[in-house]
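This report refers to the structure that appears directly beneath it.
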Amino acid sequence: MDIKKNISDIMDDIQKHSPSPEKVKLVAVTKYVDTETIKEVLKCGIKDIGENKAQVMRDKLSVLANESINWHFIGHLQTNKIKYIINDVVLIHSVYSLSLAAEINKKAESIGKIIDILLEVNISGEESKGGYSKETIEQDISSLKTLKNIRVVGLMTMAPDTDDHSVIRNVFSSLRNLKDNLNKKYFEGSLTELSMGMTSDYKIALEEGSTIIRIGSKIFS
Ligand SMILES: *Cc1c(COP(=O)(O)O)cnc(C)c1O
């Protein structure tokens, strides 16, 4: 496992594949590794760390309390576990319902914080995946905008498991088009982030305008 080289290769790929590399952030997904290994990532200059389980994130961030880390939550968040991460998280990538957003808003308000979130969209419509559908997302927007302690800053998606690059590319370009449409209709350009791209598909995601790639396996192999 050569973390330094793997990260450096990903940084090169950002330059090579993104039309706006200066806008792209790498989130190192550390769900596979322990806190000592996270420190190796930090030494490579990466501060954005992603976890997909609330209790695991709570445990790791308490061990790493002296480090300067931007914690990203990328998994399925249950409302009774928001409290584990609310103090530390900088971006919740995976908000899939108004009730979850309202609960995050409530917890954020109780600690006097405004928290950035992304809306997760299930573009491919696979039943195994969570998230809003392209059609239902608009129903919640006016309500989401009334929640004062959350700020919707973009969209997130996961591509389907397939080797067919054209299918994957279509999912990513659909998310970009959805963001552009929502920006015009409701957000006046304040949606800036597209969280898309993992180990197997991040180059395609970059080409389609991703601003946040979430990578685990490639860093830790
Ligand atoms: C695990 C995970 C990733 C990273 O996936 P890799 O294929 O290991 O790069 C990205 N996003 C989410 C939501 C994940 O759960």
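The values are calculated or read from the model by the stated rules, or taken from the named source; none is laboratory data. It should be emphasised that the depicted structure is a prediction, and the values quoted were computed from it without experimental measurement. Cβ coordinates were reconstructed from backbone atoms using ideal geometry, including for glycine residues, and neighbour counts include every protein chain displayed.
Within the stretch 84-101, the set of residues being surrounded by 14 or more Cβ atoms within 10 Å (Cβ to Cβ) and touching a helix residue (DSSP H, G or I) at 6+ places or on another chain (Cβ under 8 Å) comprises 84, 85, 86, 88, 89, 92, 95, 97, 98, 100, 101. Residue pairs whose Cβ atoms lie under 7 Å apart, separated by 6 or more positions or on different chains, with the first residue in the stretch 200-221 and of a type in the set (Phe, Trp, Tyr) and the second within 12 Å of the ligand (Cβ to nearest atom) and outside any loop (DSSP other than H, G, I, E, B), are 202/213; 202/215.
Please determine, by comparing only the residues of the stretch 182-201 that are under 13 Å from the mean Cα position of the chain (by Cα) and more than 23 Å from residue 139 (Cβ to Cβ), which one is surrounded by the fewest Cβ atoms within 10 Å (Cβ to Cβ). Looking at the filtered set, the residue picked out is 198.
Somewhere in the stretch 143-151, is a residue of a type in the set (Gly, Ala, Ser) and either in contact with a strand residue (DSSP E or B) (Cβ under 7 Å, 6 or more places away or on another chain) or free of Cβ contacts under 8 Å to residues at least 40 places away in the same chain (or both)?
Checked the stretch 143-151: no residue is of a type in the set (Gly, Ala, Ser) and either in contact with a strand residue (DSSP E or B) (Cβ under 7 Å, 6 or more places away or on another chain) or free of Cβ contacts under 8 Å to residues at least 40 places away in the same chain (or both).
Going by the conditions given, is residue 194 touching a residue at least 40 places away in the same chain (Cβ under 8 Å), in contact with a strand residue (DSSP E or B) (Cβ under 7 Å, 6 or more places away or on another chain) and farther than 30 Å from residue 43 by Cβ? No: the conditions fail for residue 194.
For the stretch 174-221, enumerate the residues that are charged (D, E, K, R) and either more than 21 Å from residue 131 (Cα to Cα) or within 8 Å of the ligand (Cβ to nearest atom) (or both). Quick ask: steps written out before the conclusion?
Let us first name the residues in the stretch 174-221 that are charged (D, E, K, R), namely 176, 179-180, 184-185, 188, 193, 201, 203, 207-208, 214, 218.
The answer is 184, 188, 203, 207, 214, 218.
Listed here are the helices (runs of 4 or more DSSP H) enclosed by the stretch 1-120 that have at least 2 residues being under 30 Å from residue 207 (Cβ atoms) and within 16 Å of the ligand (Cβ to nearest atom): 3-17, 35-43.
Can you confirm whether the stretch 128-141 contains a residue that is within 14 Å of the ligand (Cβ to nearest atom), surrounded by fewer than 15 Cβ atoms within 10 Å (Cβ to Cβ), hydroxyl-bearing (Ser, Thr, Tyr) and at pLDDT below 95? For the stretch 128-141, residues within 14 Å of the ligand (Cβ to nearest atom), surrounded by fewer than 15 Cβ atoms within 10 Å (Cβ to Cβ), hydroxyl-bearing (Ser, Thr, Tyr) and at pLDDT below 95: present.
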